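Only one structure is covered here, and it is reproduced in the block below.
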């Protein structure tokens, strides 16, 4: 009884399957390792650069603190939300409640297209129209509007999905009681869709916190604290520090860049963990019929 | 007909989204029009970008005022954009499909939730942080380890031989781009795999296929269009990526890469890198030529996105899943 030299077909197939799964797992490791290294590098170098003065002093040349950049980022992100939330939420409501027709289809499609426009193109568009065209110069308003343009598609899409998950029976119950359209949407559907909308807004915050390219041509950079002017006054932001200070050949500049990166990454991480929890907690609730 | 103020307001607000796209197209085209007529086709075929003499009096050429010796050709940046994106996709596509298969089919559901978070985080890392990591970790690694290894293995191909240099360049930019594109492709393919009807899988199992053969022979072919759509979506992202590329590409001006380690510049990162110098141009032609680059990028991104959406159908990268 001699075994054939070649492996049996079944064994061969098992080998190929094993190889396939190993390759799949290997590609995951190949992707996860850089991510872990990015987090590790930023945390290690960022924490060693962290100090109390970062939060109390403004940037002075290539040293000092980051107070101007931290507050600037918060101002720009809030400014973006002021424009993006109303537009995004209302557009999302339209798409979910009345968007079955041709117009809705087109907007839904173009919403995705807008989300795919490179952020530098949005930034340069704002530079041409707002910074030069309107004569606003580098300013909070120009920066905020550019960020808003970038996140509106996401807020609209999240809002639409949140409203679509509200069971139709609830709306019909409202109409049966004689409510008007506006009442049904704002008093019945909106409260149920709210967690989904908040998810979208959090997502938008996470994106705008980390953006650089659309702000370079619109918000500029400033070493000083924001003085409350909406136009004709540039403003600092954290991502600028990362990009610009790492290119300076000074240790203090590099330390600031990594500290800024740490702050940005921490905020983005926290929001993403929050998102994961929120999405998992809200989905079964919003989807369930009994409540 | 009844007047419905609520709906009217909704329609007006909603139409801001298509209007925004239209405004981007119109205003970029209008602003860059003098540059478009002045540069002509030479803009995309010329490889020399020269702001000209910004201190001498500008001269009139083809009816517009430009600095003496000004010449705007972006072929180098077009080549840089296409090469980085192509190499990034070559790396990212097989890896993403592997990741998608691993996450969709290779794991128990409680592990899957945790490991899927890795892919979501990869998408969440800001591009400037990728750039920072590229600057601090990747470029030294490319110049000391990855580059020499690649040259030893593939050095017989001219594109992989030659001087490795500082590590800033095509290879580093492509690796960073690949990392940024992987989560887009992987997430789309993973979601598509999860939607494959169980009949398809069961039929394959019934034929005696192993689990991997079911994935390889039944499920992946079923989501082929989604994979292509996802890749085009990733391509759109790679073509327009700015900060990360800017920070690791080495910023080549006016010369073509001679090997995979050469410094390069992409269209998107060039716009940012020209911020200061272009604004010193008293005629404004440089700023208008940059607007022309932005216009070209806009049109490219719209086209790639439209193709990607048509292919992926209902699957979209904006959905909260």
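Values in this text are rule-based calculations from the coordinates and carry no lab data. Being a predicted model, the structure only gives us computed values, none of them experimental. Here the Cβ positions follow ideal geometry from the backbone for every residue, glycine too, while neighbour counts run over all protein chains shown.
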What number, in percent, do you get for the relative contact order of the range B:1-128 if the mean sequence gap of Cα pairs under 8 Å and at least 6 apart is divided by its residue count? 16 percent
Quick check on the protein assembly as shown: what does the Kirkwood estimate of hydrodynamic radius come out to from the alpha carbon pairs, in Å? 25.9 Å
Relative to the longest principal axis of chain B, what angle (0 to 90°, nearest 10) does the C-alpha long axis of helix B:285-312 take? 20 degrees
Let me know the Kirkwood hydrodynamic radius for the range B:4-61, please, with Cα pairs as the basis and the value in Å to one decimal. 15.3 Å
On average over all directions, what projected area in square nanometres does chain B have, based on the convex hull of its Cα atoms? 24.0 nm²
If you find the alpha carbon centre of the range A:2-70 and of the range A:171-195, how far apart are they in angstrom? 46 Å
Mean-square fluctuation check for chain A, GNM, Cα pairs under 10 Å: which of A:98, A:245, A:28 is largest? A:28
Measuring from the lowest to the highest alpha carbon on each principal axis, how far does the range A:71-237 reach, largest first, in angstroms? 59, 31, 25
Measure nothing fancy, just the Cα-based angle from helix B:75-105's long axis to the longest principal axis of chain B, in degrees from 0 to 90, nearest 10. 10 degrees
What percent do you get for the relative contact order of the range B:57-186 when only Cα pairs under 8 Å and 6+ apart count? 38 percent
Listed highest first by mean packing, meaning other Cβ atoms within 10 Å per residue, what order do B:87-100, B:208-221 come in? B:87-100, B:208-221
In whole Å, what is the distance between the alpha-carbon centres of the range B:264-304 and the range B:145-196? 26 Å
Suppose only helical runs count, i.e. DSSP H with n ≥ 4. What mean residue ellipticity at 222 nm does that imply for the protein assembly as shown under -39500 (n - 2.57) per run, divided by all residues and rounded to the nearest 500 deg cm²/dmol? -21500 deg cm²/dmol
Using only Cα positions of the range B:153-222, each an equal point scatterer, no hydration layer, compute I(q)/I(0) via Debye at q = 0.11, 0.26 Å⁻¹ and quote the log10 values to two decimals. -0.53, -1.10
Between the helical axis of B:224-240 and the dominant principal axis of chain B, each derived from Cα atoms, what acute angle in degrees is found, rounded to the nearest 10? 30 degrees
How high is the relative contact order of chain B? Use alpha-carbon pairs under 8 Å, at least six apart in sequence, and give a whole percent. 26 percent
When the range B:184-247 is reduced to its Cα atoms, the Kirkwood hydrodynamic radius in Å: 13.2 Å
What area, in nm² and to one decimal, does the C-alpha convex hull of the range A:47-104 cast on average over all directions? 6.7 nm²
Please compute P(r) over all alpha-carbon pairs of the range B:86-128, binned at 10 Å starting from zero, and give each bin as a whole-number percent. 26, 46, 25, 3
If I histogram all Cα-Cα distances within the range B:1-105 using bins 5 Å wide from 0, what percent of pairs lands in each bin? 2, 9, 9, 11, 10, 9, 10, 10, 9, 8, 6, 4, 1, 0
If I model a spin label as a point 7 Å beyond the Cα along the Cα-Cβ vector, how far apart are those points for residue B:25 and residue B:207 in nm? 4.5 nm
